[in-house]
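Here is the structure we will look at, set down as structure tokens.
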Amino acid sequence: MQITASVVCLNVDDVLASSAFLQRHFGFRENMAADGFVSLARDDVGMNVVFHRRGLEILPEPFRDQHLSGVAIAFTVVDLGAEAGRLQAEGLTFSLPVTEQPWGERLFQVTDPNGLVIELMEWVTPPPA
């Protein structure tokens, strides 16, 4: 198998709100869009984020009406402190403040208008093998 791209697809009620949030605060750009669908990309992330409007008929029936539940997107960044300061200056409230985990991960979380948790993290010690 040769994988050439990665995509995470998420069902939300308001596709435009989640799309605007990732574009405004995290530097994503719209790659493709249609009614009830948007694909966002960044050259340095290695995956696209796709938002589907919940209930969209192209989705498999068992998943069509599901909404985010227990889902988070995490991005490893350089200089977590600078990113935290930037997002606070942009008026975002952290749903989890800057925290350091015992295994060496430092992180914080914000939540988009649809309830999607976005985590930014950096390793303060080498990640476990």
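The values are calculated or read from the model by the stated rules, or taken from the named source; none is laboratory data. Model, not experiment: these values are computed from the prediction. Note: ideal-geometry Cβ built from the backbone for every residue, glycine included; neighbour counts use all protein chains shown. SASA here: full protein model, heavy atoms, side chains in, ligands and nucleic acids out. Shrake-Rupley method; radii C 1.70, N 1.55, O 1.52, S 1.80 Å.
So is residue 99 modelled with pLDDT of 90 or more and over 17 Å from the mean Cα position of the chain (by Cα) or not? It is true that residue 99 is modelled with pLDDT of 90 or more and over 17 Å from the mean Cα position of the chain (by Cα).
Here the condition is being without any contact (Cβ under 8 Å) to a residue 12 or more places away in the chain, out of contact with any Phe, Trp or Tyr (no Cβ under 7 Å at 6 or more places or on another chain) and closer than 27 Å to residue 13 by Cα; of 88, 101, it holds for 88 alone. Elements of the type helices (runs of 4 or more DSSP H) sitting completely within segment 10-129 and holding at least 3 residues that are open to solvent by less than 90 Å² (accessible area, probe 1.4 Å): these cover 15-26, 80-89. Filtering segment 54-64 to residues that are touching a residue at least 40 places away in the same chain (Cβ under 8 Å) and over 14 Å from residue 37 (Cα atoms) leaves only 63.
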